[in-house]
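The values are calculated or read from the model by the stated rules, or taken from the named source; none is laboratory data. None of these values were measured; they are calculated from a predicted model. Reconstructed Cβ throughout: ideal geometry from the backbone, glycine too, with neighbour counts over all protein chains shown. Only protein heavy atoms, including side chains, enter the accessible area calculation; ligands, DNA and RNA are left aside. Shrake-Rupley method; radii C 1.70, N 1.55, O 1.52, S 1.80 Å.
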Amino acid sequence: MCKNGYDSQNTQNTISYQSRLFFKSFDLFIVSFVILNLELALIRWLPAYVRLLSFFNNFVLLACFLGMSIGCIASKRKLNLLPYTPSIFLIIILLVYLFNLNISFGEQLFKSEVYFGAEGKLPSLVNMPFEFLIILSFSIVVLSFIGLGQFLGNSFNNFTPIKAYTINILGSIFGILFFSIFSYLSLSPTYWFSINFILILYLLRKELFFSKFNLGVIFLTSIIFIFLLGKGTLWSPYYKIKKEVFFDPYLKINGTVISVNEITHQMGLSNRTIGGYRYSVPHFLIKDSLKKKFEKVLIIGSGMGNDVSHAIMNGAKEIDAVEIDPLIIDIGKKDHPDKPYSDKRVKIYNDDGRSFLKKSNKKYDFIAYGLVDSLTLLSTFSTIRLENYLFTKEAFEEVKAHLNEDGVFVIYNYFRKGWLALKIYSLLKEVFGENILVITLPSIKNIDAENPIDFVIFMAGNVEKVIKNFEKGSFYADINTPKNLKKNGFNPKDFRKDSTIEIFPVENLKSSKTLLPLDDWPFLYLREKKIPPHNFKGLAIIFLLSTLFLIIFTSNGSKSFYRISPHFFFLGTAFMILETESITKFALLFGSTWVNNSIVFLSILTMILFANLYVSKFSPDSLKLPYIALFISLLIGYLVPFQNFLGESYTMKIIYSGVIGFLPILFAGIIFATSFKKSREPQRDFGSNIFGAIIGGIVEYLSLIIGYHNLLIIVALFYLLSLISIFKKQENIR
């Protein structure tokens, strides 16, 4: 009886211990899920309303990292900020709701870089300097993540470091998976934040500082304001989209205008609309000069379908339309007045243009970049915009390879700056030779690097006869006289000398030093190889704010720096740069779509998980072999650049990405996991690692000067510093 009673008590204690362990594991999993998922939500949501953050959402990422880092390092402090997290989020949401933050920044931001749709002063309730925007948005996002970081740091203390890190990675993986599902289903932020807020309330279930009722009211209020802000909007995997129907009383034609992230982006115009004639100019010129039609057409960046509609009108027999945003395709199908996507001659591809070119063997009579300007970044880790890899020397060579012998390549857009147009002109000359036709609408005689411009059409390929016709006498298009608008649009006979608007090529190109964008330096919108002043100011502000927050929240005075572990700090810095370099590399290999980016993020986290499992199973004591393997893999990656594999099959690209791309990540993960396993203060070391990632995010901006491939040298240097820091602590690496 006594023994049975003892056994029964022992069993109950075991069950109770296992139950407590399960809930501690579950709490760590949930907070890891919330941090990753909420980070992605803020990165998508804030730029949707704060106009310029669309081009700087990596600053939001760094703010999330800093908040989490400070929280981990300060997890033992008495002041627990997690109960304040609901109120901080409410403040963020109210600021966005009350002001809607349509901010003008002044022309100084746009002298050395182009930001489509964000330039100039716009009607707004709030006007503030760029610097103040960075201070405000960065600071409040940091504060919102400190409490979650504290919970994460305290949760780490319940397990061995390596087990805690493994659970953390699993939670992060599920965080990405769920946000990918949100994106796939085009769910609104109401759903994103509701799920995360409910989980935060779960984490606060034991808190007594505020009543659960008050916390619930705060979060419910936040959700209501998020819903009100998003009312009447659609959410694609890339943007917040608003659409409005307009009616042209002059021509009695309907159309649709869509704006993305508070910037007017596209208009769905009928090919019978006067303002849409620009899409047909290349077709008219070829019809008039060569007496032929483009039969096989590829439109990259087809959007709602304007380019496709004009290609149909001008006699194309096969049209491949490539658009990266699935929701914009759906809007084009439903709302474009000409319904071009319903035509049997049209095949729609939801892909990015560069990826499509690499996967296709087809050749075309006509390839057009249809007003390609994405208004967002490729990923939150880099400064590359979504379409940058379409405007490199290598990309134009791929376009040329997809043209028939007498094919024509056309680019048109509102390029804003003369130097930007000259960059594209220089790229085309480099790839297609001297015969490049440049037309400006409205017509101007020259393009000067220092002067603004409006709409420019570039034509390359089989355009010699068109150029000769221009030399004989200007083409003219009567586009302002409604009587010349026929039922099916314009035709070549509309080019005549008694017209009201002239179309003629640029007579003079006043060139300046133009740097050709390459796959390794794909910065079309950057005038020179340097960090622009506003970027430099923003990074300096982030560094100063990071230091200030660290001093305030982690210790007393400047002694907070002693709370940073140099080894883990350098590991975090190096890994952030390595991750960024890898993401840009994989985007070029496999495409820049959100699906591919999600797969890459998941793959990186999976490699880290494998590294953890390896260390857990085999318990390596020495870091010597992982460091040697890491440096060798970095050297191979540097000596065998990824450009060598762009033309290879999909299988070869997978092999390359696995052997050369992911191996450094695996070895880096093993080094971190082995070091972390020995940690005596896991919350401090983990926080130091994340803080190092913030510095890595700042250092990544050197790619604007040295390109992405040379970042591998900097990665190697930081890993070398992490190795040296071990020797300084006189730790054994054997």
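A few remarks follow.
- Per-residue Karplus couplings for the stretch 287-304, computed as 6.51 cos²θ - 1.76 cosθ + 1.60 with θ equal to phi - 60°, are listed in order as 4, 6, 8, 9, 6, 9, 10, 6, 8, 9, 10, 10, 10, 9, x, 6, x, 7 Hz, Gly and Pro entered as x.
- Share of carbon and sulfur in the accessible heavy-atom surface of the stretch 43-89 [1.4 Å probe, %]: 61 percent
- Amide H contacts of residue 408 (H built 1.01 Å from N, under 5 Å, at least 5 apart or other chain): 366, 367, 462
- Think of a 1.4 Å ball rolled over the protein heavy atoms: the stretch 562-683 then has 39 Å² of accessible area per residue.
- When each of the peptides 341-349, 596-604 is scored by how many other beta carbons lie within 10 Å of its residues on average, the order from highest to lowest is 596-604, 341-349.
- Hz values of 3J(HN,Hα) by residue in the stretch 340-350 - Karplus curve (6.51, -1.76, 1.60), Gly and Pro given as x: x, 6, 8, 5, 5, 7, 9, 10, 9, 10, 8
- Accessible-area composition of the stretch 298-408, carbon plus sulfur, in percent [1.4 Å probe]: 46 percent
- Amide H partners (placed H, <5 Å) of residue 417, local residues excluded: 453
- Of 347/585; 358/465; 359/393; 240/537; 393/429; 293/344, those spanning more than 21 Å from alpha-carbon to alpha-carbon: 347/585; 358/465; 240/537
- Between residue 293 and residue 187, the contour length at 0.36 nm per residue exceeds the Cα-Cα span by 33.9 nm.
- Nearest-20 debye value, the stretch 388-469 charge dipole, Cβ charges on Lys, Arg, Asp, Glu: 260 debye
- For the stretch 356-467, a Kirkwood hydrodynamic radius built from all Cα pairs, placed in the Stokes-Einstein relation at 10 °C and 1.306 mPa s, yields a translational diffusion coefficient of 107 µm²/s.
- Å² of accessible area per residue within the stretch 317-472, as computed with a 1.4 Å probe and no ligands counted: 36 Å²
- The alpha carbons of the stretch 576-734 occupy a box of 47, 36, 28 Å along the principal axes, longest dimension given first.
- Taking a ≥ b ≥ c as the square roots of the eigenvalues of the Cα gyration tensor, an a/c ratio of 1.5 or more together with a/b larger than b/c marks the stretch 274-331 as prolate.
- Anisotropy class of the stretch 650-717 from Cα gyration tensor, a/c 1.5 cut: oblate
- Burial ranking of peptide ranges 443-449, 455-461 (average Cβ count within 10 Å, highest at the top): 455-461, 443-449
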